[in-house]
Ligand SMILES: [Zn+2]
Ligand SMILES: [Zn+2]
């Protein structure tokens, strides 16, 4: 499935409030008759309070401890400022540091404001633009007056931020008219902000947040004051360039990134994690293990080297065997399709800017450059495999007895990601999904879902991922299909999880527009989580592509379609494997399972015999006959994460033995007969499904 996460991050966080004046204008009621509100607390108790009472007032009425701990409030589920007056009957929950996700989001958003204020105070004349909270902190984009910022500027900015936090300035929400906002930013020399505000709909009220004289356009919510932040819980991490509105035709801005937490302990733990992650970075290990490389001329696509492709193939072949065992049939479908497929699937309308579009025409080359007439039909490189599998399903008439059909493809997909978003194997433009679609009857999807979960569990076990969690994402606001269908689909997936004995959390509203989905998240060795597996129920694509099967009753019926993947993108999953194992992947996946290294050239012939025997036993082995010191060879192969080094010298050649050194075994070695060594490595290198 395609995701636009990240694309509109700045916009959604910063867009002005869309609510009408009646809902957002704060302050007491204009009439003398003070209306009383019924505020229901999480324990079910109800408090009668006058209109205009704030969540902070209610916290104080409950007790001084809560008044101190409260950071914000959830009013009818919406996260709001503690000091924003209540205007109607509502459900109220006070948010404290215990509600970690909310508290972190609020703190990071506050840090972004404090950063912006600090930068303008250290570098007067700098213009502000936008800056949201991120996954581990925040950033803010600035238009500097004199020169772009550099990392050397960060300590002074951090010091100023600490001053602003220590001053404990109240963060005040104000509702202004658009004209007032524009005028304020113009008067303060903020042309970027003024430009932005001018494009907001006229007549709508806009919220701004101020700390003293400083203010920013912002939807909020925020903590009550800067002093609620821990001045030891953030760190500015780096500076990079960014274009105004993400468009390279626009002005280049300076983006300052920071990481922000609730306390110093959390920050320190995060910094340690970053350090550990840097050591495990798959791009660094990919070089050291000679797995792959990238180059500008093919941005976002991978040059797999022999070692990397061997690892890739070991994974793919294993997956293929597991799929065949589970009753799947493998297919292969085209790379480039007429755009009408993508019109039907909805991608052409929604994700066209993420697709590589090519005209179906042979360009003329007379002028030394491709010439396209402009009348060609458009084709596109497939961003996903689903419509292609539907075409295979749709060949010939299917009967209810043919179902379920489980169609798998290691399908190569292309998505036109911006250069700046590309990241090693994690985010690429060309990737392969371990994709499959199950076409089944509605009465079959529960069993199919359970069978898929069992398969996924087996694969994760084999790959050494035992710590994972599950989310069930339900109907989003914008969706296709009627509610009765959604009810059945959500209940079906929930039932499958219950019957599989898997605990899960709900992710309300996060389903795809065509159906609910189960997400499988792996936790790696350093505590990061990665969404890899997915199981999605889809009632919409079969409808749009008008596919059917003939039921027992002789009538046409719509099949249900399940989209499912276990590892997701093969490329990204290999990056996760490399980082999880710090390069020391399970032996059956390792590109080089053993190296036979000679101590002296007298042992060359024997070394080649050892290699032959290992290779005949199915072990991936290389010989190192170079005229180098053995310690040099050991160092080099351990850097390349070769798990087994078989050292042979004159004595081993005479006695028919090998000295086996294991990666990470501190120089210890074990002398074995050749036959014994071959048998042991053969056994250890066998993939788990073949053992
Ligand atoms: Zn804000
Ligand atoms: Zn699909």
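The values are calculated or read from the model by the stated rules, or taken from the named source; none is laboratory data. Please read these numbers as outputs of a predicted model, since none were measured by experiment. In this analysis, Cβ positions are derived from the backbone assuming ideal geometry, glycine residues included, and neighbour counts consider all displayed protein chains.
Miscellaneous remarks
- Lone unmet requirement of (1) under 31 Å from the mean Cα position of the chain (by Cα); (2) more than 16 Å from ligand 2 (Cβ to nearest atom) for residue 569: (2)
- Looking only at the range 622-650, and only at residues there that are touching a residue at least 60 places away in the same chain (Cβ under 8 Å) and surrounded by 15 or more Cβ atoms within 10 Å (Cβ to Cβ), the one that is farthest from residue 673 (Cα to Cα): 640
- Exactly one residue among 290, 230 is outside any helix (DSSP H, G or I), more than 17 Å from residue 140 (Cβ to Cβ) and outside the structural domain of residue 133 (by TED's automatic domain parsing), and that residue is 290.
- Unmet criterion (only one of (1) over 26 Å from residue 284 (Cβ atoms); (2) surrounded by fewer than 17 Cβ atoms within 10 Å (Cβ to Cβ); (3) without any contact (Cβ under 8 Å) to a residue 40 or more places away in the chain) for residue 550: (3)
- Just one of the listed residues (471, 457) is without any contact (Cβ under 8 Å) to a residue 60 or more places away in the chain, within 30 Å of residue 585 (Cα to Cα) and in contact with a strand residue (DSSP E or B) (Cβ under 6 Å, 6 or more places away or on another chain), namely 471.
- Out of 269, 233, sole residue that is without any contact (Cβ under 8 Å) to a residue 12 or more places away in the chain and either within 25 Å of residue 100 (Cβ to Cβ) or within 16 Å of ligand 1 (Cβ to nearest atom) (or both): 269
- Yes/no for residue 311 being modelled with pLDDT of 95 or more, buried (at least 17 other Cβ atoms within 10 Å of the Cβ) and part of a loop (DSSP other than H, G, I, E, B): no
- For the residues 194, 183, 116, 159, the requirement of being without any contact (Cβ under 8 Å) to a residue 24 or more places away in the chain, in a helix (DSSP H, G or I) and crowded, with 17+ Cβ neighbours inside 10 Å singles out 194.
- Checklist (1) modelled with pLDDT of 95 or more; (2) outside the structural domain of residue 171 (by TED's automatic domain parsing); (3) in a helix (DSSP H, G or I) applied to residue 108, failing item: (2)
- Just one of the listed residues (408, 388) is within 16 Å of ligand 2 (Cβ to nearest atom), crowded, with 17+ Cβ neighbours inside 10 Å, in the same structural domain as residue 513 (by TED's automatic domain parsing) and more than 26 Å from residue 479 (Cα to Cα), and it is 408.
- Residues in the range 197-216 that are free of Cβ contacts under 8 Å to residues at least 24 places away in the same chain and not in a helix (DSSP H, G or I) were compared, and the one that is farthest from the chain's Cα centre (by Cα) is 213.
- Set 234, 192: member being modelled with pLDDT of 90 or more and either out of contact with any helix residue (DSSP H, G or I) (no Cβ under 8 Å at 6 or more places or on another chain) or over 29 Å from residue 54 (Cβ atoms) (or both): 192
- Residue within the range 595-611 that is under 29 Å from residue 518 (Cα atoms) and either surrounded by fewer than 24 Cβ atoms within 10 Å (Cβ to Cβ) or touching a residue at least 60 places away in the same chain (Cβ under 8 Å) (or both) present: no
- Criterion applied to 16, 22, 67 was being modelled with pLDDT under 95, outside any loop (DSSP other than H, G, I, E, B), under 41 Å from the mean Cα position of the chain (by Cα) and surrounded by 16 or more Cβ atoms within 10 Å (Cβ to Cβ), and the one residue passing it is 67.
- Number of the exception - residue 353 against (1) under 30 Å from residue 478 (Cα atoms); (2) surrounded by 12 or more Cβ atoms within 10 Å (Cβ to Cβ): (2)
- Selected residue [under 38 Å from the mean Cα position of the chain (by Cα), in a loop (DSSP other than H, G, I, E, B), touching a residue at least 12 places away in the same chain (Cβ under 8 Å) and surrounded by fewer than 21 Cβ atoms within 10 Å (Cβ to Cβ)] from 56, 93, 97: 97
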